[in-house]
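Step one of this worksheet: look at the structure below.
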């Protein structure tokens with residue numbers, strides 16, 4: 001769930017959350033499973049968090065949905081067999097821990113980028129520690145969105161009340177492999193507190209965790225994203241004039257295109273009924289409003305806000 005605080009407060013919260021985080025390169029010979037949720041590492045038993053469970057299943061080529069339904073003994077038998085096969089191809093895994101809990105497993109190609117490093121970059125590049133930001137984080141993902149209220153623009157002069165959108169920048173990261181580090185445009189609709197995240201069209205803004213390009217290109221990427229927010233203002237205004245014949249059908253089509261589940265699609269559909277209209281703006285608004293649903297995790301909300309950004313990019317004069 002998105003919260004509001006000063007950037008300084010967010011830094012403190014992230015620091016506290018990561019105080020027991022540590023990384024280790026573990027020889028595969030020193031890993032043995034008791035189950036999908038329990039693992040012996042170098043003679044010590046550790047809990048395997050859900051994020052690491054999925055990564056291990058993918059890495060060892062065992063369907064997670066199958067493993068998750070198996071009894072513990074069968075889970076161990078499968079995982080120990082396949083990790084033995086993995087030892088024929090590699091010697092180690094790069095493992096990320098939270099105290100004695102395994103939170104992620106990667107190969108040697110992985111280059112860690114921690115949330116604190118990103119926050120340090122924000123301070124180095126002039127973001128005000130006392131400035132108000134929006135943020136969300138859980139065990140899988142971290143997201144901080146920084147609005148620039150001085151650049152707010154109107155999108156609906158005839159609405160009967162001030163309807164403004166505030167542009168800004170969004171920073172997303174996953175320390176456990178759910179998504180790449182991303183610097184993207186952020187738009188915050190004041191009237192309904194919806195947020196939209198849009199990939200920039202002027203520069204590469206998503207960086208996989210296999211190099212340090214995300215930090216090395218930080219200033220250039222940031223400048224490109226800020227420039228892109230200016231161009232997208234016109235698309236927002238055009239979306240008000242872009243008619244849609246069947247809004248519900250359009251929502252269903254986009255949901256299928258973005259790989260949303262039936263439950264997520266229903267959340268978007270219900271969000272549409274809160275502010276109905278037959279334009280692309282209303283379609284976009286349904287996705288971004290759905291992202292506020294309290295039952296969604298950070299990644300699901302991010303995907304819905306990003307879906308709104310992708311739909312916005314389709315708006316043409």
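The values are calculated or read from the model by the stated rules, or taken from the named source; none is laboratory data. Computed from a predicted structure; not experimentally measured. Virtual Cβ from ideal backbone geometry, glycine too; neighbours counted across all protein chains shown.
What's the total number of residues in region 221-251 that are loosely packed, with under 12 Cβ neighbours inside 10 Å and part of a loop (DSSP other than H, G, I, E, B)? Total satisfying the criteria: 3.
Hey, any hits in region 119-130 for a residue that's touching a strand residue (DSSP E or B) at 6+ places or on another chain (Cβ under 8 Å), in the same structural domain as residue 54 (by TED's automatic domain parsing) and surrounded by 14 or more Cβ atoms within 10 Å (Cβ to Cβ)?
Going residue by residue through region 119-130, those that are touching a strand residue (DSSP E or B) at 6+ places or on another chain (Cβ under 8 Å) are 119, 122, 127, 129-130.
Applying the additional criterion that residues be in the same structural domain as residue 54 (by TED's automatic domain parsing) yields none.
No, there is no match, as no residue in region 119-130 is touching a strand residue (DSSP E or B) at 6+ places or on another chain (Cβ under 8 Å), in the same structural domain as residue 54 (by TED's automatic domain parsing) and surrounded by 14 or more Cβ atoms within 10 Å (Cβ to Cβ).
So which residues in region 272-298 are over 23 Å from residue 233 (Cα atoms) and either part of a loop (DSSP other than H, G, I, E, B) or touching a strand residue (DSSP E or B) at 6+ places or on another chain (Cβ under 9 Å) (or both)?
Within region 272-298, the first condition is being over 23 Å from residue 233 (Cα atoms), and the residues that meet it are 273-274, 293-298.
Passing the criteria: 293, 294, 295, 296, 297, 298.
How many residues does region 41-71 hold that are touching a strand residue (DSSP E or B) at 6+ places or on another chain (Cβ under 8 Å) and in a helix (DSSP H, G or I)? The qualifying residues number 5. Being touching a residue at least 40 places away in the same chain (Cβ under 8 Å) and touching a helix residue (DSSP H, G or I) at 6+ places or on another chain (Cβ under 6 Å) is the requirement here; does residue 42 meet it? No, not satisfied. Scan region 72-98 for residues that are outside any helix (DSSP H, G or I) and under 18 Å from residue 49 (Cα atoms) and report the count. Count: 6.
The conditions of being surrounded by fewer than 23 Cβ atoms within 10 Å (Cβ to Cβ), assigned to a helix (DSSP H, G or I) and either on the phi < 0 side of the Ramachandran plot or touching a strand residue (DSSP E or B) at 6+ places or on another chain (Cβ under 8 Å) (or both) are met by residue 254. Each residue in region 45-67 was checked for being out of contact with any helix residue (DSSP H, G or I) (no Cβ under 7 Å at 6 or more places or on another chain) and over 22 Å from residue 179 (Cβ atoms), and 4 of them qualify. Might you check whether a residue that is under 27 Å from residue 151 (Cα atoms) and surrounded by fewer than 20 Cβ atoms within 10 Å (Cβ to Cβ) occurs anywhere in region 258-273? No - not one qualifying residue is present in region 258-273. Only residues that are more than 17 Å from residue 94 (Cβ to Cβ) and out of contact with any strand residue (DSSP E or B) (no Cβ under 6 Å at 6 or more places or on another chain): list them for region 19-40, please. Across region 19-40, the qualifying residues are 19, 34, 35, 36, 38.
Taking first residues from region 247-268 that are in the same structural domain as residue 279 (by TED's automatic domain parsing) and at pLDDT 95 or above and partners that are loosely packed, with under 15 Cβ neighbours inside 10 Å and in a loop (DSSP other than H, G, I, E, B), the Cβ contacts under 7 Å between residues at least 6 apart in sequence or on separate chains come to 247/278. Just one of the listed residues (136, 104) is farther than 30 Å from residue 31 by Cα, in a strand (DSSP E or B) and in contact (Cβ under 8 Å) with a residue 60 or more places away in the chain, namely 136.
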